[in-house]
Each structure stands twice: as structure tokens, then as C-alpha cells.
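Here is the structure we will look at.
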Amino acid sequence: MSAGALLVALRGATVGYGRRPLLGGVELSVRAGDFLGIVGPNGGGKTTVLRALLGALEPLAGRRELPAPLAVGYVPQRDLVDPIWPLTAEEVARMGRARLLRPGRRLGLADRETVREALARVGVGELADRPFRELSGGERQRTLIARALAAEPALLALDEPTNGMDPAGEEDVLELLDTLNRERGLAVVMVSHRLDVVARHAAALCYVDQARGLVRTGPADEMLEPEALAALFGRPVRLGGVVPAAAPAARGRP
Amino acid sequence: MVLRRTVFVSAALTQLSTLGLVAAIAVEERLGVEVERAGVQLAVAVAFSVAGALLLSRLQAGRRLPSEAGVGIAWVIAGALAVLGASQLVHAAHDLGSMVFGSAVAVPTSELAFLAAVALGCAAVHALFVRELVLVSFDAETARAMGIRAGGWNAVLFLTLGLAIPPAARAIGALPTFAFLTLPAAAALLLAARLPRIFAVAAGLGAASAAIGYGLSWTAQLPTGATMVAVAGLALVPGAALRLLRG
């Protein structure tokens, strides 16, 4: 995948569930190497926009543009993954290979090696044989990221990946995402209700608030200008000490 | 279904299967059919069960009702209609008890052969597609995001249930069928830690409790279906004791 190539886009999309539109006029594109944060209040429609972007939800109007088949690694909200299942961390991570294997085919040696590399890459290689349900919140999150990486994705999508984590665990996960984005040129799309957290890492932001019918996308540094923030939130907002992430070109990425 | 936290789907499908059986017998009586056609009755029960399974596989939480409510509604309506239908039967009303609780002592060889064939077919589908079925059961959201047809695989899983339940319910009754879909799996989850071993232990416990319960019902002159269920319930004890000991 060449740097900057368009991976997926929503063009004038109306997104929602059933026949009920939540947000209209969504314009959003993700290119190779992007780090996009989808932010907004709880219940604001962030996950709906992400689902539409990934093709898990058909737009009610407008279209989803997909220039070439897209390998997606997805990390759901941790609460959606039921810890009752008797699976080891490695068995969870192996699920990432599902799209790459024909139905009914077993994992081969190369697949297992890729899974083990993904676990090691995110720092939980030594936990491979541990039951997923016995891992800490941060370890589970890393295992889910390893599962997403095992899919050999061009786009890594994460839904509230730092929810319920302590500040140190949160920073660990975000640094990992930064590294994957910088070193591998992996496109990252991250949903969060925490603008201050996302702003430190994402180079572009998409602000979503269905209650106000608002969808606004732009480079993080522009979106975080005091005037832009005031326009988004309808009142003066100050993000204490946040330095927006540099745009991809400024980071020296290819 | 135990791990999916949807055990009552099995209960709803056994009720739907019983309703299909009652409907088939009622139609036979209305048409004045002299000799009961077990094959036709079973086919109608399978049709009811499969239709219910496909419907329940698509059940999603709405804005006002959780999906469990849909399962409960299917169970209770099917149960009530089966009782109402059976109350209108002239000749076969006495069969309702064995439909619900089962007899398991006078099952024709042809029905046993059909049950074995369906069970083997379903087990083969589960074994072949275990990776896909576990993924959509464990994390359907991620499966959909990865471009996997979660709804389709869900339907496959429910379809196997819908096919296997009617011949089992016809042979041993609705209650023992539901019990054997739940108790051995729950006991195995308490005893074993890894998924392949859990499947094996559940199958072994199911077979053992059926055999022991059957033998016990003969020697102690007890109702067969209920005895098998009670023995399957006892299979929970070692696992529960183990959990207690391990804290």
C-alpha cells in the first residue's frame, strides 16, 4: 500500500440504524499512514460513524468509497468481549487470521508464527498461554490489539481502546498505537470520548455529535485552535497542555 | 449456548418443536388419518424448529425490548399453543406427557437412526467450522468489522440446533432435550479449562448421564426422561465442589 493512498472514505453519507438516520453529510476519508481520532460526547454517534466507515453498517444515503479490498484490524470496546469464554490470549489473537483463511481451514505454521509475533509486538508474548479472562484490563487490551495486528491490516480501527484504564495503562496503549502508526505506516482510526487523550496522538480529528447534528473533520492542529473548539462546543473550551500530534509529513514518514 | 448466555434459545426451540408435533397430530386427526405418520409429524416439528431458529438467530436487542425477551416470548407462546392444541386432540392427548417429559423407552429404530444421522451431521458442521462459530459467538462486532458474515455463521449455528432438537425431543421429550443442551455443557465448563477439552467432557458427561439415567429408571421403576435429567444435574456436583475448593 503506497503512502497516502486512499483506503476508505464516506462521501456525503447519512448513517444510522434501521431507517432512523443519526447523522447526515458525513465526509471522512482515511489514507495509508493516517492517524484519525473520531471524538465526541458519549452517545454522540462515534461508533456508528466508525461502523459505517468499516462497512459493518450500510449508509442510509451517500456512499462508502473503497478503492481496493481493505484488510481491517478491529479492536472493539473491551466491555463487549465476554471474559467468561475459556480462551487463552493466543486463542483470542488467532481469531485475527479469520479473514485470511477459507472457511473450515485450520491455521498453519506461518499463521501461528504471525499470531505469536503480533502478541510479542504488543508486549504480551509471554502471556500467550494464560487465560484471557485472567489478564488485567491493559493486558486484555493489548491482546485484542495483537488479534487486530494478526489480521495483517492496512487499517487498525479501535473503539474506545483506553476506556476504564488507569492513566499509565492508557498512555502505554496510545504510545503503542503511535509506534505502529509511525514505524509501520499503519493507518489508525481511533474512537474516543476523550478529546484531550486523542489530541495528543491523532494527526486528524473528526468531531461527531448527533444531538447537534454536527460532523466536522480536519487536521488536529486546526481543530484544536481555541476558536475552532469554541465553535465545536458552543462555548470557550481549553485543553490544558495538549500539544497536537504532528501531521504525517512533518513526522518524516514516507 | 451456555457460553453465549443464550441457554433459553434451546428451551424455546424445544417448545416450538413440540408445537410443530402437536400441530401435525391435530391436522392428522382433522383429516381423519387412521395411522399416525411419525415421519410427517417429525418433518413438521423440524420445520417449526428451524423457522424459529432462523428467526431467533436474527434477534437483536431493540430500543425497548432486550433480545432475551424475544426468546422468552417464543418459549411461552409456543408452550401455551402446544398445550391448547393438545387439549383439542381426541386420540393423542395422552401423548402430551411423553412429548414434554419423554419416554425414551419405545423409540422406533428409524427415529433413532434419523436422530443419530442429524446429530453426527451437526457435530461435523461444528467441528469443521469451529473457528468461525467461536469467533461470531465470542465477538460478533469484530467479525462484522473484519468483513466476516457474522449473521450467516450465526444462522448456521442456530440451524444446527433447529435441526437436532426435534428428533431428540421426539425421542426423549422437550424437558430432557433442553436439559442435555445445558447441564453437561455447564458441568464441563466447571471441570475443564480449555475449549476443546470442554467440548469433549460435555459430550462424555451427556452420554454417561443418559446411559446411567436410563439404567437407573429401569431398575428403580422411575420416569426415564426425568431420571436422566436428574443424573445430568448430578454431573454439576464435582465441578461445583472443585470450584469451591479452589475458591
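The values are calculated or read from the model by the stated rules, or taken from the named source; none is laboratory data. Predicted model, so just to flag it, every value in this text is computed and none were measured. All Cβ positions, even for glycine, are placed from backbone atoms using ideal geometry, and neighbour counts span all protein chains on display.
What to note about this one:
- Hey, B:ALA106 out of contact with any His (no Cβ under 8 Å at 6 or more places or on another chain) and either surrounded by 18 or more Cβ atoms within 10 Å (Cβ to Cβ) or within 14 Å of chain A (Cβ to nearest Cβ) (or both) or not: no
- Matching strands (runs of 3 or more DSSP E) fully within segment A:1-60 where at least 3 residues are under 19 Å from A:GLY73 (Cα atoms) and aliphatic (A, V, I, L, M): A:6-17
- Residue among B:GLY239, B:GLY225, B:GLY213 that alone is of a type outside the set (Val, Ile, Thr) and touching a Phe, Trp or Tyr at 6+ places or on another chain (Cβ under 6 Å): B:GLY225
- Restricting segment A:72-123 to residues that are among the acidic types (Asp, Glu) and within 13 Å of another protein chain (Cβ to nearest Cβ) leaves a set whose member that is nearest to B:PHE199 (Cα to Cα) is A:GLU91.
- Number of positions in segment A:58-80 that are more than 16 Å from A:ALA151 (Cβ to Cβ) and surrounded by 20 or more Cβ atoms within 10 Å (Cβ to Cβ): 1
- Each residue in segment A:81-113 was checked for being outside any loop (DSSP other than H, G, I, E, B) and surrounded by 12 or more Cβ atoms within 10 Å (Cβ to Cβ), and 15 pass.
- Where helices (runs of 4 or more DSSP H) fall entirely within segment B:22-133, those with at least 3 residues that are at pLDDT 80 or above and more than 23 Å from B:MET228 (Cα to Cα) are at B:38-57, B:67-87, B:109-128.
Let's see how each residue does on (1) in contact (Cβ under 8 Å) with a residue 60 or more places away in the chain; (2) within 14 Å of chain A (Cβ to nearest Cβ):
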residue: B:GLU111; (1), (2): yes, no
residue: B:LEU120; (1), (2): no, no
residue: B:LEU128; (1), (2): no, yes
residue: B:ARG144; (1), (2): no, yes
residue: B:ARG194; (1), (2): no, yes
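- From B:LEU161, B:LEU133, B:LEU157, residue being crowded, with 21+ Cβ neighbours inside 10 Å, farther than 27 Å from B:ARG246 by Cα and within 14 Å of chain A (Cβ to nearest Cβ): B:LEU157
- Residues considered: A:ALA56, A:ALA9. Of these, the only one that is within 13 Å of chain B (Cβ to nearest Cβ), hydrophobic (A, V, I, L, M, F, W, C) and within 14 Å of A:VAL189 (Cβ to Cβ) is A:ALA56.
- Per-region count, segment A:67-88, residues closer than 18 Å to B:SER137 by Cβ and aliphatic (A, V, I, L, M): 4
- Selected residue [at pLDDT 95 or above and surrounded by fewer than 22 Cβ atoms within 10 Å (Cβ to Cβ)] from A:ARG121, A:ARG182, A:ARG116, A:ARG194: A:ARG116
- Checked against the criterion of being within 8 Å of chain B (Cβ to nearest Cβ) and either of a type in the set (Lys, Arg) or more than 24 Å from A:VAL208 (Cα to Cα) (or both), the candidates A:ARG19, A:ARG51 yield just one match: A:ARG51.
- Segment A:76-93, residues that are over 24 Å from B:ALA185 (Cα atoms) and at pLDDT 95 or above: A:ALA93
- Those residues of segment B:210-247 which are among the small types (Gly, Ala, Ser) and over 18 Å from B:THR177 (Cβ atoms), in sequence order: B:GLY215, B:ALA220, B:GLY239, B:ALA240, B:ALA241, B:GLY247
- Inside segment B:199-229, residues that are modelled with pLDDT of 90 or more and crowded, with 19+ Cβ neighbours inside 10 Å make up a count of 11.
- Whenever a residue of segment A:133-144 is within 19 Å of A:GLY73 (Cα to Cα), its partners that are of a type in the set (Gly, Ala, Ser) and at pLDDT below 90, lying with C-beta atoms within less than 7 angstrom and at least six residues away or across chains, give the pairs A:GLY138/A:GLY169; A:ARG142/A:GLY123.
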